[in-house]
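**Student:** Dropping the structure in here first, questions after.
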Amino acid sequence: MISQNPVFIPGPTNMPEAIRRACDLPTMDHRSPAFAEILHPVRRNVQAILRSESCDVFIFPGTGTGGWETALSNTLSPGDAVLAARHGMFSAKWINMCQRLGLEVVAVETAWGEGLPAERFAEILAEDKQKRIKAVLTTHNETATGVRSDIAAVRRALDAADHPALLFVDGVSSIASMDFRFDDWGVDVAVAGSQKGFMLPVGLAIAGFSEKAMAAAENATLPRSYFDIRDMAAGYAADGYPFTPPVGLMNGLLQATEMLLEEGLAQVFARHRRIADGVRAAVQAWGLELCAVEPALYSDTVSAIKTPDRFDASRIVTLAAEKYGVAFGGGLGEVAGKVFRIGHLGAMTDVMALSGVATAEMAMTDLGLQIDLGSGVAAAQAHYRRTASDHTTIKKDTA
Ligand SMILES: *Cc1c(COP(=O)(O)O)cnc(C)c1O
């Protein structure tokens, strides 16, 4: 089916025309100076989006998952302990990767819908007198549950225990959409991917390394080869890659980062907040609840919406796809069948979000849920009318 409908999955996200076109380059010699003119500005722009003055940015062909491996394999050694919480599909999968790589995971089981247990982390770090824990793994935005966690609180937990562990942040579904502060939070490795806030096709793993993480990379002994940042750093120093880079995607990332910085990060975050608030107003009007247990945890990039007991939420996703040609996210792992997800990140506007809310409403009504058709749309409209300004469109999509 050919459809111009936007997608409402929390990645891959909708792609602005200007970004699609920027990805579509004729073949370029990646050893020519022209590539350096893409590479260096991209790395600077990503650094700015991470809100860092000095982190080293590495961009690998890959996906967010490759970014996880980049963080772990470059800084840790076999048998090292890491601290993490399992509170959604993505944090669970990162823990699983740690185990497969031969790390010891101190995993704090946390209810899905809750945020990172910073207080529990503080206790565990304070008890770790031998400093066996080498890294704390955090998922800034749990895409499975629509939960945003407080990374600054984890940094405070580390500092309060005077603990030297590295702080890793999975920001795959938050970076470039929600406030992220590499330097202020004392992040050591931040991980992102191309297909969420950066509005690009799938294909890039993006990582920022602090000075401390760069130093750890000198002594770490986990096996690493393709994702070795030392090879990549040597490539960058010579204006290129240690292998063939995906030049089109890199040029797309240059376009995307220019668009984001031109819109202004504060404005990008405010746009996501406003759109999310409208979606949340709709959820409330439907009489439904979010998986995230309290407002402080509400994600501005994805809403995981609980459906009534004994109703299989995946039916909404299937019906919306088949009948209306609109993609929503299903429930993953522990919340499979219990939630459906509306992704509202990247190249999203209030008007687009209204179409998603309207479609979800049609699908739920078709399936016999007690939803007043139009109630969510009206609630979202009220919010968007009240908060409209002339700054909400995505700029520069006319290039
Ligand atoms: C999407 C996502 C990932 C995985 O990224 P891939 O690009 O699918 O490998 C990891 N963490 C979070 C929080 C995500 O949303």
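**Student:** What pairs can you find where one residue is in region 221-234 and in contact (Cβ under 8 Å) with a residue 24 or more places away in the chain, the other is assigned to a helix (DSSP H, G or I) and aromatic (F, W, Y), and their Cβ atoms are less than 6 Å apart, with a gap of 6+ or different chains?
**Tutor:** Pairs that qualify, where the first residue is in contact (Cβ under 8 Å) with a residue 24 or more places away in the chain and the partner is assigned to a helix (DSSP H, G or I) and aromatic (F, W, Y): there are none.
**Student:** To continue, here is another question. Being touching a Phe, Trp or Tyr at 6+ places or on another chain (Cβ under 6 Å), buried (at least 20 other Cβ atoms within 10 Å of the Cβ) and farther than 26 Å from M232 by Cα: is that true of T143 here?
**Tutor:** Yes; evaluated as a whole, the condition is true for this residue.
**Student:** If you go through region 96-107 one residue at a time, do you hit one that is touching a Cys at 6+ places or on another chain (Cβ under 8 Å) and more than 19 Å from L158 (Cβ to Cβ)?
**Tutor:** no
**Student:** Give me a count of the residues in region 284-317 that are in contact with an Asp or Glu (Cβ under 8 Å, 6 or more places away or on another chain), closer than 20 Å to D366 by Cα and surrounded by 23 or more Cβ atoms within 10 Å (Cβ to Cβ).
**Tutor:** Counting residues in region 284-317 that are in contact with an Asp or Glu (Cβ under 8 Å, 6 or more places away or on another chain), closer than 20 Å to D366 by Cα and surrounded by 23 or more Cβ atoms within 10 Å (Cβ to Cβ) gives 1.
**Student:** For region 141-183, how many residues meet the condition of being away from the ligand (no atom under 16 Å from the Cβ), part of a loop (DSSP other than H, G, I, E, B), in contact with a Ser or Thr (Cβ under 9 Å, 6 or more places away or on another chain) and not aromatic (F, W, Y)?
**Tutor:** 2
Each row is one residue, and each column tells you yes or no for (1) closer than 25 Å to T138 by Cα; (2) among the charged types (D, E, K, R); (3) crowded, with 19+ Cβ neighbours inside 10 Å.
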site: Q4; (1), (2), (3): no, no, no
site: G11; (1), (2), (3): yes, no, yes
site: A18; (1), (2), (3): no, no, yes
site: R44; (1), (2), (3): yes, yes, no
site: V57; (1), (2), (3): yes, no, yes
site: E69; (1), (2), (3): yes, yes, yes
site: V82; (1), (2), (3): yes, no, yes
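**Student:** Collect the residues in region 39-59 that are within 16 Å of the ligand (Cβ to nearest atom) and in contact with a Leu (Cβ under 7 Å, 6 or more places away or on another chain), keeping them in residue-number order.
**Tutor:** Selection gives I59 alone.
**Student:** From the residues in region 81-91 that are under 15 Å from the mean Cα position of the chain (by Cα) and outside any loop (DSSP other than H, G, I, E, B), which one is farthest from G333 (Cα to Cα)?
**Tutor:** This residue is S91.
**Student:** Is it true that S177 is in contact with a helix residue (DSSP H, G or I) (Cβ under 8 Å, 6 or more places away or on another chain), in contact (Cβ under 8 Å) with a residue 40 or more places away in the chain, over 29 Å from R120 (Cβ atoms) and buried (at least 17 other Cβ atoms within 10 Å of the Cβ)?
**Tutor:** The answer is no for S177.
**Student:** Which count do you get for residues in region 6-34 that are in a loop (DSSP other than H, G, I, E, B), over 30 Å from T359 (Cβ atoms) and of a type outside the set (K, R)?
**Tutor:** Count: 7.
**Student:** Just checking, which of S54, S3 is at pLDDT below 95 and among the small types (G, A, S)?
**Tutor:** S3
**Student:** Kindly list the number of the only condition in (1) within 22 Å of C98 (Cβ to Cβ); (2) within 12 Å of the ligand (Cβ to nearest atom); (3) surrounded by fewer than 23 Cβ atoms within 10 Å (Cβ to Cβ) that fails for K134.
**Tutor:** Condition (2) is where K134 drops out.
**Student:** Can you tell me which residue within region 119-131, out of those that are over 19 Å from I95 (Cα atoms) and of a type in the set (K, R), is nearest to the ligand (Cβ to nearest atom)?
**Tutor:** K131
**Student:** Here is a follow-up. List pairs: first residue in region 46-73 and within 17 Å of S210 (Cβ to Cβ), second residue assigned to a loop (DSSP other than H, G, I, E, B) and modelled with pLDDT under 95 anywhere in the structure, Cβ distance under 8 angstrom, at least six positions apart or on different chains.
**Tutor:** Pairs found: none.
**Student:** Let me ask another. Quick check: anything in region 98-118 part of a helix (DSSP H, G or I), away from the ligand (no atom under 16 Å from the Cβ) and at pLDDT 95 or above?
**Tutor:** Yes, region 98-118 has at least one match.
**Student:** Take region 322-348 and flag every residue that is in contact with a helix residue (DSSP H, G or I) (Cβ under 9 Å, 6 or more places away or on another chain) and assigned to a helix (DSSP H, G or I).
**Tutor:** K323, Y324, G333, E334, V335
**Student:** OK, next. Given the options L290, L265, L297, name the one that is modelled with pLDDT of 95 or more, out of contact with any helix residue (DSSP H, G or I) (no Cβ under 9 Å at 6 or more places or on another chain) and more than 22 Å from C23 (Cα to Cα).
**Tutor:** Among L290, L265, L297, only L297 is modelled with pLDDT of 95 or more, out of contact with any helix residue (DSSP H, G or I) (no Cβ under 9 Å at 6 or more places or on another chain) and more than 22 Å from C23 (Cα to Cα).
**Student:** For residues in region 35-80 being assigned to a helix (DSSP H, G or I) and of a type in the set (S, T, N, Q), which is farthest from S91 (Cα to Cα)?
**Tutor:** N45
The values are calculated or read from the model by the stated rules, or taken from the named source; none is laboratory data. Quantities reported herein were computed from a predicted structural model and do not represent experimental measurements. No Cβ is skipped: glycine too gets one built from the backbone with ideal geometry, and neighbour counts run over all protein chains shown.
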